[in-house]
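Quick notes on the structure that follows.
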Amino acid sequence: MSSWASLRLGWRGSMTRSRRASSGPSRQRHSPGSPSNTLRARARCGLRCLLREASLLMTFCLGMRCEEGLLAIADTRITSGTELSTAKKISIHQYENHSMFILTSGLRSIRDKALTYFEERLQESSGELKKMYMAANVLAEELRRVRREDLHWLMEGGLFFDLHCIFGGQLEGDDQHRLYLIYPEGNWVEVRTGAPYVIIGESRYGKPILDRVWRHDQSLFEALRVGLLSFDATRTSASDVDYPVDAVLYRQGSFQMQEARFDEEALTPLQRYWQGAMQHAVAGATPTVQPLYDALNIAPAAHTHFWDNSAG
């Protein structure tokens, strides 16, 4: 069972037990400001935070920016309770000199509704949208629209409006390609050269290699290389992220998206190479670690008890 399913079942079970325990004529009432109600409110808030975090970790979506263009990478694993399936998390919106992609993490139902509204707005106002920030504002408006329509019912079911978007591309009025991170509330930030990538979903495992290696002045080829290694690090350690991988490439000024899907067979040679390279690198660190180990091996431990206030 996935982490999301386990958390959600545990939450529903605790709520059911709570309702059963509080039913009947002998139910004890507490004032809104009583300590017991305060503790209950904090517990509910903590559970909601855990559930929201779990739902966000069930995906890997990466957007990368360099001088040459943009690269988007996303896994295709969909987790719904105990059910696993495969579906695209990247959508491409292409017409005339307007090229855009959207990557999403969060509830699939919110994503589908928001993108339907967004596509409708594009058809209605395509001639009015000249720059990417204008399109980002339209997407943000549709996110807020879905939030107004569905938030109450989502919360009734113990769910959250948790849709994050990576939005990239170039419109005819843009002097260069743009990349944005759009939050569930509809506010957005532009991904710039100082930090030329953004991950939504599970970011803990794939972020370190990007922080160490990726720079804005590198090429799209190098972006794909490190981006796929970032995905591999995530897939290795996160059970809710898996093959196949969708990748979208956009070259500056081309107004044309290029797309491919890579399955496990296609990526296994890279995974095996990287596994061997890391093992070789760890073994190669022996000369630098040896003096540290020797110092540790001969140093007597200081026997300090936790109640010893004299310890520094």
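Filtered by the rule that a residue be over 19 Å from H177 (Cβ atoms) and not in a loop (DSSP other than H, G, I, E, B), segment 119-134 gives E119, E120, R121, Q123, E124, S125.
Within segment 135-169, if we keep just the residues that are in contact with a Ser or Thr (Cβ under 6 Å, 6 or more places away or on another chain) and assigned to a strand (DSSP E or B), the residue that is farthest from L249 (Cα to Cα) turns out to be H164. Considered as a group, the residues in segment 166-194 that are hydrophobic (A, V, I, L, M, F, W, C) and touching a helix residue (DSSP H, G or I) at 6+ places or on another chain (Cβ under 9 Å) include one that is nearest to L154 (Cα to Cα), and that residue is I182.
Could you tell me how many of the residues in segment 64-76 are more than 13 Å from the chain's Cα centre (by Cα) and either part of a strand (DSSP E or B) or closer than 18 Å to G206 by Cα (or both)? Write out each step before concluding.
From segment 64-76, those more than 13 Å from the chain's Cα centre (by Cα) are 64-71; that's our starting set.
Checking which are either part of a strand (DSSP E or B) or closer than 18 Å to G206 by Cα (or both) leaves us with 64-66, 69-71.
Residues that pass the stated criteria total 6.
Residues of segment 169-195 that are touching a residue at least 60 places away in the same chain (Cβ under 8 Å) and β-branched (V, I, T): V191, T193.
When R108 is tested against the conditions (1) surrounded by 18 or more Cβ atoms within 10 Å (Cβ to Cβ); (2) without any contact (Cβ under 8 Å) to a residue 40 or more places away in the chain, the lone failure is (1).
Are any residues in segment 111-132 hydroxyl-bearing (S, T, Y) and crowded, with 16+ Cβ neighbours inside 10 Å, and if so, which ones?
Initially, segment 111-132 is screened for residues hydroxyl-bearing (S, T, Y), giving 116-117, 125-126.
Across segment 111-132, the qualifying residue is only Y117.
Taking the criterion of being among the acidic types (D, E) and at pLDDT below 95, the residues of segment 65-121 that qualify are E83, E96. For segment 63-105, a residue qualifies if it is touching a residue at least 60 places away in the same chain (Cβ under 8 Å), of a type in the set (D, E) and more than 30 Å from E222 (Cβ to Cβ), and exactly one does: E96.
The values are calculated or read from the model by the stated rules, or taken from the named source; none is laboratory data. Nothing here was measured: the structure is a model prediction, and the numbers come from that model. Every residue, glycine among them, receives a Cβ derived from its backbone with ideal geometry; neighbour counts consider all protein chains shown.
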